[in-house]
Amino acid sequence: MAVDQESAARAGVAYVHAGWGYGQPTSPIPEIVESPQELLQLLHSVGPSEPFVEGSMV
């Protein structure tokens, strides 16, 4: 939802829009994933400078 995107922007954290969820993203248009599997692929593609810990919000 737009409020999630705004919250992420105000917190200074990355935002990925879940295309299977509610609402439409606003400008600037964020990364959009269309399935939970696509989200996992995106998270696993994060480089070593940005570690991903499975089960975490980071």
Region 14-35, residues that are surrounded by fewer than 10 Cβ atoms within 10 Å (Cβ to Cβ) and modelled with pLDDT of 85 or more:
27, 28
Scope region 36-58; condition among the aliphatic types (A, V, I, L, M), more than 18 Å from residue 4 (Cβ to Cβ) and at pLDDT 85 or above; matching residues
40
Considering residues that are in contact (Cβ under 8 Å) with a residue 24 or more places away in the chain and part of a loop (DSSP other than H, G, I, E, B), the number found within region 7-31 is 2
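The values are calculated or read from the model by the stated rules, or taken from the named source; none is laboratory data. Here the structure is a predicted model, which is why all the values come from computation and not from measurement. Heads up, the Cβs are rebuilt from the backbone with ideal geometry, glycines too, and the neighbour counts pull from every protein chain shown.
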